Amino acid sequence: MNLQPLYDVKERLEYAAIAGVSLLGEDFRLQRGLESLKPLAAASPVFGKIDAGLAKLLSAPADQRPGLLLDVLALVDAVAYTQAKTGMDGELEPLPVGSGQYRQISYGQIQPLLAALTTTGGGRVEVVNSAWERCADDFLDYRVLPALVGGLGDSYGEMADLCAQLLKKLGSSVVPVLKKGFDPAGKREMARRVEVLAAVEGAEAAPWLREILPGAKKDVRAAVIRALGADSGDVSLLLELVKAERGDSRDAALEALARQDGAEVRAFWEKELTAHSQSVKFLEPSNADWAVELVTAGLRQRLEKFLDGEKRPAYEDGTDLTAWCWSLGHKDAPATLDFWRWADSRMEEIDRIEDEKNHPCFFGVKLTDRLLDIMRHTGPGPLRDYCLTLFDRRPEMTRYLHISFQAALLSLPAAEVYDKYGSYILTKKPLLDKDRKETLNNVMLRALNDLYWNNRQGRHVIVAGQPAAQSLDARWIERLVHAACKPNMGHYYPFGGGDEVDGFDKNLAELANPNDPEQCAQLVPYLRRRMVETGSWYSYSQYLLRLGGSPKGVLGEAMKKGKPAAIYYVWFVLNEAYKVLPAAEVAELCREGLDAKQIRSQGREAAMAELALPWTIEQLKAGRPFPEWDEWNKMRP
């Protein structure tokens with residue numbers, strides 16, 4: 001059935017709806033379309049109804065034509081839509097390899113993601129992250145996956161890194177599209193393709209890497225050589241490359257060789273470290289026995305040169321020693337423990353090392369910090385057991401308390417940890433042995449500063465380390481709120497603006513378990529008092545609300561003591577309060593904020609508060625929800 005007459009009539013009716021019905025009688029195209037429609041009208045009742053409607057429209061008086069036009073146009077549209085179809089001629093063929101998968105999602109759904117991956121401008125990282133959280137499988141779509149690979153060459157480094165991270169998560173399905181169109185002489189995008197492929201395939205990528213190596217240039221070449229380190233069968237090739245390559249490519253070969261094992265590899269590194277001491281940095285990630293032995297023996301040898309005080313390290317020596325110390329990485333093999341026992345036996349001498357200008361080098365502190373970091377990242381075993389007893393055996397070395405306390409957090413029951421270490425926190429100024437007791441108090445507070453409550457994990461966690469064996473004993477909070485000696489622990493803006501908080505208070509508020517009523521009961525009165533003392537109402541209010549407390553009764557007093565407040569911060573705190581407190585109590589907080597008269601005048605915010613706060617009080621009393629910020633903002637004079 002030829003439907004072209006129907007479409008011609010539809011077009012002329014749409015034209016008449018725009019141009020006006022007065023010209024209908026003179027539209028020869030409509031007349032011609034009506035004649036062409038006659039065969040269809042004879043064959044189908046619905047087309048007959050359209051034909052009759054058109055005849056009635058053309059013969060009707062002028063004042064009736066608008067309504068009749070809309071009626072017949074609606075019928076024509078409905079019929080046209082029922083006859084519509086999509087498609088194209090030809091045979092169906094599978095998508096080419098390396099193009100992604102077909103997923104039944106409309107272009108409109110993925111258009112924002114495609115735009116974020118293929119254009120420039122701000123906010124794109126958030127769009128991609130949101131799309132990933134919503135449905136990671138959409139990134140395998142044949143329209144999205146090539147764009148994601150193309151994003152590896154994005155000029156914005158954070159976007160390029162995000163694309164690489166997501167491709168690694170997608171796994172082996174991305175391998176064909178990464179290899180499609182690969183240019184070994186290309187730029188950073190191609191180097192990132194190599195990095196992703198190596199992460200996804202591991203040693204299985206080695207044949208392809210060896211194949212493209214001869215043509216690889218600059219960044220791509222370094223990435224290929226580095227990736228070859230995943231295959232233990234490439235030791236001979238890597239040894240050849242480290243002799244032939246220069247610059248970044250040689251560094252990549254060293255990095256790859258640091259991941260290998262065997263006598264031949266150890267022999268190479270012994271020669272390399274003798275010739276180029278700073279190459280030790282490439283051994284930092286390795287926990288192989290040979291790497292542990294070389295690093296610990298080399299570091300000990302370098303320290304021993306300066307222990308008697310006759311020879312003093314020059315600047316270059318200090319830099320070299322720092323590199324070797326850092327290269328201990330997170331090594332916890334038996335040879336490492338032997339080194340730490342030696343370092344402990346000579347720690348006083350190490351502490352006394354001074355440079356050529358009689359300045360202390362602090363090598364002992366660097367070693368202690370390195371041991372603490374290793375212990376926090378490695379699991380149970382001889383090294384942790386050693387750290388656990390370090391301060392017991394050497395109580396004169398006060399900084400060891402930090403290490404032993406955190407080892408106890410990782411190993412012992414919470415009550416036992418408190419019983420052993422709680423008394424180091426002073427609740428009264430000491431009269432006897434004042435310096436030592438205050439030093440140990442400060443060490444403990446700084447060690448506790450590394451601990452926080454991780455709400456997502458539901459347990460206490462050491463910063464940049466592991467979770468504690470058990471959640472902190474509630475007695476710690478009780479003791480800390482009565483701490484008599486507090487070192488300067490800095491000031492912070494924990495909520496991104498508003499006002500600053502003392503470092504001790506910040507740590508204490510973030511240390512408490514908000515799900516433990518006993519801890520909250522100890523901490524809330526302290527925070528209310530500190531809120532008034534400091535005038536930092538914005539931050540302390542949020543801490544109180546997180547811990548099941550309330551700023552009611554102290555909000556206004558704290559605001560009067562602090563600086564004039566931005567109206568948005570007032571709204572934000574009240575909005576947070578509304579989420580956890582009764583509406584009547586929030587209304588009282590509004591009254592406190594209003595009576596404090598501490599809203600800044602900038603942008604007529606004080607005048608805005610005089611309107612918004614009383615109105616909000618009435619809204620809450622009437623049982624209505626706390627207003628959105630836009631509702632307050634509309635009241636700005």
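The values are calculated or read from the model by the stated rules, or taken from the named source; none is laboratory data. All figures in this text were calculated on a predicted structure; none of them were measured in a lab. All Cβ positions, even for glycine, are placed from backbone atoms using ideal geometry, and neighbour counts span all protein chains on display. Heads up: the accessible areas ignore ligands, DNA and RNA and are worked out on the full protein's heavy atoms, side chains in. Shrake-Rupley method; radii C 1.70, N 1.55, O 1.52, S 1.80 Å.
Do you know the relative contact order of the range 486-564, to the nearest whole percent, from alpha carbon pairs under 8 angstrom that are 6+ apart?
Numbers: 98 pairs, mean separation 20.7, N = 79.
Result for the range 486-564 is 26 percent.
Remind me, relative contact order of the range 348-468 in percent, using alpha carbon pairs under 8 angstrom and six or more residues apart?
On the way: 118 pairs, mean separation 23.6, N = 121.
This gives 20 percent for the range 348-468.
Under 11 Å from the Cβ of GLU304, count the other residues' Cβ atoms, weight Lys and Arg +1, Asp and Glu -1, and hand me the total. Show your work: numbers first, answer last.
Values: positive: ARG300, ARG302, LYS305, LYS311, ARG346; negative: ASP308, GLU349.
The answer is +3.
Across the range 613-625, in residue order, what do the Karplus-derived ³J(HN,Hα) couplings come to in whole Hz, using 6.51 cos²θ - 1.76 cosθ + 1.60 with θ = phi - 60° and x for Gly and Pro?
5, x, 4, 5, 4, 5, 4, 5, 5, 7, x, 8, x
Cα atoms only: what Rg and Dmax, in Å, come out for the range 510-637?
Final numbers for Rg and Dmax: 14.5, 47 Å.
Report in % the part of the accessible area of the range 252-302 that belongs to carbon and sulfur, leaving out ligands and nucleic acids; probe 1.4 Å. Can you show the working numbers first?
Numbers: 1120 of 2340 Å².
It is 48 percent, rounded to a whole number.
What is the percent carbon and sulfur in the accessible area of the range 423-531, measuring with a 1.4 Å probe over the protein chains and ignoring ligands? Could the numbers behind the result be given before it?
Details: 2430 of 5300 Å².
Roughly 46 percent of what the probe reaches on the range 423-531 is carbon or sulfur.
Only one of the values (1) 81, 68, 42; (2) 82, 69, 46; (3) 117, 77, 43 was calculated from this structure for Cα extents along the principal axes in Å; name its label.
Correct label, based on the coordinates given: (3).
Under 19 Å from the Cα of LYS434, which aspartates and glutamates turn up, not counting those fewer than eight places away in the same chain?
GLU396
Given the rule -39500 (n - 2.57) for each run of at least 4 DSSP H residues, summed and divided by the residues of the chain, what is its mean residue ellipticity at 222 nm, to the nearest 500 deg cm²/dmol? Walk me through the intermediate numbers first.
Numbers: 34 runs with 384 residues, N = 637.
Mean residue ellipticity at 222 nm (helix-derived): -18500 deg cm²/dmol.
Using the basic label-point model (7 angstrom from Cα toward the beta carbon), what is the ALA52 to HIS377 distance in nanometres?
So the label points at ALA52 and HIS377 sit 8.6 nm apart.
Just how large is the dipole of the range 572-637 about the Cα centre, in debye to the nearest 20, putting +1 at every Lys and Arg Cβ and -1 at every Asp and Glu Cβ?
Working: 9 positive and 11 negative charges, 34 e Å.
Dipole about the Cα centre, nearest 20: 160 debye.
Report the local net charge at MET159: Lys and Arg +1, Asp and Glu -1, summed over other residues whose C-beta lies under 13 Å from its C-beta. Don't skip to the end; give the middle numbers.
Values: positive: ARG124, ARG188, ARG192; negative: GLU126, ASP154, GLU158, ASP161, GLU189.
Computed value for this residue: -2.
Identify all aspartates and glutamates with a Cα-Cα distance to LYS634 below 16 Å; exclude those on the same chain that are fewer than 8 residues away in sequence.
By straight Cα distance, LYS634 reaches GLU605, GLU610.
With a point put 7 Å past each Cα toward its Cβ, work out how far LYS486 is from GLU204 in nm, to one decimal.
Distance between the two pseudo-spin positions: 5.7 nm.
Could you tell me which of VAL481, ALA323, ALA263 has its Cα farthest along the dipole of the chain towards the positive end, charges placed at Cβ (Lys, Arg +1; Asp, Glu -1), taken about the Cα centre?
So the residue we want is VAL481.
Testing the spin-label approximation: label points 7 Å from Cα along Cα→Cβ at SER172 and LEU307. State their distance in nm.
Modelled inter-label distance: 5.3 nm.
For the chain, what is the charge dipole size about the Cα centre, in debye to the nearest 20, if Lys and Arg each add +1 at the Cβ and Asp and Glu each add -1 at the Cβ?
Here the size comes out at about 1140 debye.
Which far-off residues, 5 or more places away or on another chain, put their amide H under 5 Å from the one on ALA468, with H placed in the peptide plane?
Residues meeting the amide H criterion: HIS460, VAL461, ILE462.
With an 8 Å Cα cut-off and a minimum separation of 6 or more residues, compute the relative contact order for the chain in percent. Don't skip to the end; give the middle numbers.
Details: 800 pairs, mean separation 30.3, N = 637.
RCO, the chain: 5 percent.
Using only C-alpha positions, report the orientation-averaged shadow area of the convex hull of the range 1-71, nm², one decimal.
Numbers: hull surface 16.9 nm².
The orientation-averaged projected area of the Cα hull of the range 1-71 comes to 4.2 nm².
Which distance in Å, rounded to a whole number, links the C-alpha centroids of the range 22-63 and the range 438-477?
Between the Cα centres of the range 22-63 and the range 438-477 lies a distance of 84 Å.
Show me, for the range 181-197, the HN-Hα J-couplings you get by feeding each phi into the Karplus relation (A = 6.51, B = -1.76, C = 1.60, θ = phi - 60°), rounded to Hz, glycine and proline as x.
Values, residue by residue: x, 5, 10, x, 9, x, 9, 4, 4, 5, 5, 5, 4, 4, 4, 5, 4 Hz.
Take the cross-link list LYS597/LYS621; LYS180/LYS281; LYS311/LYS486 and give me the ones stretching past 29 Å between alpha-carbons. List each step's numbers first, then the result.
Values: LYS597/LYS621 22 Å; LYS180/LYS281 35 Å; LYS311/LYS486 40 Å.
In this structure, LYS180/LYS281; LYS311/LYS486 exceed 29 Å between Cα atoms.
At a Förster distance of 51 Å, what's the computed FRET efficiency of ASP338 paired with ASN633, Cβ-Cβ distance as r, to 0.05? Provide the component values of the computation, followed by the final result.
On the way: r = 66 Å, r/R0 = 1.30.
Between ASP338 and ASN633 the formula returns 0.15.
Return the carbon/sulfur percentage of the accessible area of the range 548-616, one whole number, probe 1.4 Å, all protein chains in place.
Working: 1730 of 3240 Å².
That fraction is 53 percent.
Please compute the Kirkwood hydrodynamic radius over the range 345-393, one decimal place, Å, based on all pairs of different Cα atoms. Don't skip to the end; give the middle numbers.
On the way: mean 1/r = 0.0817 Å⁻¹.
Over the range 345-393, the inverse of the mean reciprocal pair distance is 12.2 Å.
Per residue, what accessible area does the chain have, given a 1.4 Å probe and all protein chains present, in Å²?
Numbers: 32000 Å² over 637 residues.
Per-residue value: 50 Å².
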